Amino acid sequence: MKRKELFELLDNTVSCEDRKLLQDYVIEKQMQENWDQSNKGKPWTDDELKVILSFAPTKEHCLLLARAFKRGYGSIEQIFRWATTDSATINNSVRKDDAFITQIKRIYKELGWRA
């Protein structure tokens, strides 16, 4: 059976819930694979953050971006979370003066998004 035929079969027979479970399984398997994380712990540039924040915050995109930027999956996820965290929550947190969070929020606003 060819790949295209398999996808057509899955489209016709798999329920939405099962498709979501299958998708989550594939993502988990991909995350278990080792990939180059040589940039882990290095500072982010504004351009890198612009690219990340131009994607929707899905598991697939987090995995894709982590591999592309040679970072960990969690760092991409964290960027999306900080970008959408409201200012009141940040101001009440221990990290209210964190330069990285400030950089993320600045880029987020430059892209025209509102939290």
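Worth a mention:
- Farthest toward positive dipole pole in the chain [+1 Lys/Arg, -1 Asp/Glu at C-beta], among Ser15, Ile90, Trp35: Ile90
- Residue pairs, from the table Lys50/Lys105; Lys50/Lys109; Lys29/Lys70; Lys70/Lys109; Lys40/Lys96; Lys20/Lys40, whose Cα atoms sit over 20 Å apart: Lys70/Lys109; Lys40/Lys96; Lys20/Lys40
- Listed peptides 13-22, 45-54, 100-109 by packing density, highest first (mean Cβ within 10 Å): 100-109, 45-54, 13-22
- Across the range 50-57, computed HN-Hα scalar couplings (Karplus, 6.51 cos²θ - 1.76 cosθ + 1.60, θ = phi - 60°) run 4, 5, 4, 6, 8, 9, 6, x Hz from first to last residue, x flagging Gly and Pro.
- Judged by the ratio a/c of the largest to the smallest principal axis of the C-alpha gyration tensor, the range 52-103 counts as prolate, that ratio being 1.5 or greater while a/b is larger than b/c.
- Under 20 Å from the Cα of Lys42 - aspartates and glutamates, other chains or at least 8 residues apart: Glu77, Asp97, Asp98
- Sites Phe7 and Arg67 - FRET efficiency at Förster radius 22 Å, r taken between beta-carbons, to 0.05: 0.45
- The range 1-43 - Debye-derived log10 I(q)/I(0), Cα point model, q = 0.24, 0.31, 0.33 Å⁻¹: -0.89, -1.02, -1.04
Any read-out appearing in this document is the output of simple, stated calculations on the displayed coordinates, not a laboratory observation. Keep in mind it's a predicted model, so treat the numbers as computed, not measured. Virtual Cβ from ideal backbone geometry, glycine too; neighbours counted across all protein chains shown.
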